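A short write-up of the structure that comes next.
The values are calculated or read from the model by the stated rules, or taken from the named source; none is laboratory data. For clarity, every value in this text was computed on a predicted model and none was experimentally measured. Neighbour counts run over all protein chains shown; Cβ positions are idealised from the backbone, glycine included. With ligands, DNA and RNA removed, areas are computed over all heavy atoms of the protein, side chains included. Shrake-Rupley method; radii C 1.70, N 1.55, O 1.52, S 1.80 Å.
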Amino acid sequence: MNAQQPEDVYTHGHHESVVRAHASRTVENSAAFVIPHLTTGISVLDVGCGPGSITCDFAGMVAPGQVIGLDRSAEIVAQATELATERGVDNVTFQTGNIYDLDFEDESFDLVHAHQVLQHLTDPVAALREMRRVAKPGAIVAVRDADFHGMSWYPEVPELDDWMELYQKIARRNGAEPDAGRRLVSWAQQAGFTQVAPSSSNWLYATAQQRAWQSRVWSERVLHSAFAEQALEYGFANEADLARIAAGWHRWGATDDGYFLIPNGEVIARA
């Protein structure tokens with residue numbers, strides 16, 4: 001790691017509830033804006049790949065092109081490697097690494113991708129510069145991040161307002177930017193990209209099955225993930241507060257007309 005770069009604190013952590021949520025992501029539901037650029041034979045670097053579900057999808061779409069998934073957690077890299085084996089994907093490899101100091105030569109990849117990564121970094125512009133460095137001339141860097149203050153829900157549940165306030169406080173205490181989606185264009189420009197094509201897409205939870213899934217995942221995360229640990233450690237909440245917020249998630253999930261919208265900013269950037 002570069003000496004001047006601090007160790008980022010991951011607000012979500014790797015509790016089973018978090019990894020389960022991340023493993024549900026696919027190219028279709030989380031990286032559709034990249035699909036037009038996924039052509040046969042290209043090389044792809046997926047930075048902050050998590051459990052590898054999107055990365056393995058990339059591999060299937062660009063084969064025989066080579067795909068590398070990178071994550072700072074050795075445990076998560078092991079899970080991603082296992083997923084590739086289960087799927088029989090042989091043109092993808094996973095390894096640990098640091099987004100601020102990528103262990104690749106300049107101009108190595110046709111596409112460099114990061115999904116829901118920049119929002120957790122203390123220096124997203126530095127990360128984008130490093131992603132740009134390893135992209136070939138004319139290659140693209142594709143990033144997508146949620147925008148927490150852009151999220152909306154119905155019906156009104158006071159505990160979800162408290163959840164949002166608490167999440168914002170924890171993420172900002174970690175030096176991160178939870179409202180990253182709206183900042184991607186600015187960050188890409190600061191990183192030196194001269195061609196920046198923005199877009200946006202949503203995750204929507206509005207059917208009974210989707211509400212049950214979203215409410216269950218977040219109630220578990222509020223109680224058991226790094227989010228809970230940091231809320232207690234930083235003195236932003238106590239266990240009763242967390243229990244109340246988790247119950248609020250369950251109450252929202254039990255509604256017949258609940259609606260939860262997560263907007264995501266997206267950028268296709270070229271140097």
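Any chance you could get the radius of gyration and Dmax over the Cα atoms of the range 34-140, in Å?
In Å, with Rg to one decimal and Dmax whole: 12.8, 36.
Suppose R0 equals 22 Å; then what is the FRET efficiency for N238 and M164 from their Cβ-Cβ distance, rounded to the nearest 0.05?
It comes to 0.75.
So what is log10(I(q)/I(0)) for the range 186-271 at q = 0.24, 0.25 1/Å, when the Debye sum runs over its Cα atoms only?
So the normalised log intensities work out to -1.01, -1.06.
By how many nm would the segment from E156 to L261 grow when fully extended, if each residue of separation counts as 0.36 nm and the alpha-carbon distance is taken off?
Residue separation times 0.36 nm, minus the Cα-Cα distance, leaves 36.5 nm.
When N is the residue count of the chain, what does its C-alpha Rg come to as a fraction of 2.2 N^0.38 Å?
The value comes to 0.99.
Measure off, as a whole percent, the carbon and sulfur share of the 1.4 Å-probe accessible area of the range 45-194, all protein chains present.
In the range 45-194, the share of accessible area belonging to carbon and sulfur is 46 percent.
Suppose each label sits 7 Å from its Cα in the direction of the beta carbon; what would the R72-D90 distance come out to in nanometres?
So the label points at R72 and D90 sit 3.5 nm apart.
Hand me the GluC sites (Glu not before Pro) from the range 147-200 located in a DSSP loop with no more than 16 other Cβ atoms within 10 Å, in residue order please.
Here the GluC sites (Glu not before Pro) that fit, given the DSSP loop and packing criteria, are E156.
Run the numbers on the chain and let me know its relative contact order in percent, using alpha-carbon pairs under 8 Å that are six or more apart.
Contact order relative to length: 22 percent.
What residues of the range 98-123 lie in the reach of a label at K136, counting those whose backbone N is under 19 Å from a point 7 Å from the Cα along Cα→Cβ?
103-114
Could you give the length gained by full extension between D106 and R172, i.e. 0.36 nm per residue of separation minus their alpha carbon distance, to one decimal place?
Computed gain between D106 and R172 is 20.5 nm.
For the pair R270 and T26, how long in nm is the line joining their label points, each one 7 Å along Cα→Cβ?
3.0 nm
At 7 Å along Cα-to-Cβ for each site, give me the label-to-label distance between A247 and W203 in nm.
2.6 nm
Grab the DSSP H runs of the chain that are 4 residues or longer, score each as -39,500 (n - 2.57), total them, divide by all residues and round the 222 nm result to the nearest 500 deg cm²/dmol.
-12000 deg cm²/dmol
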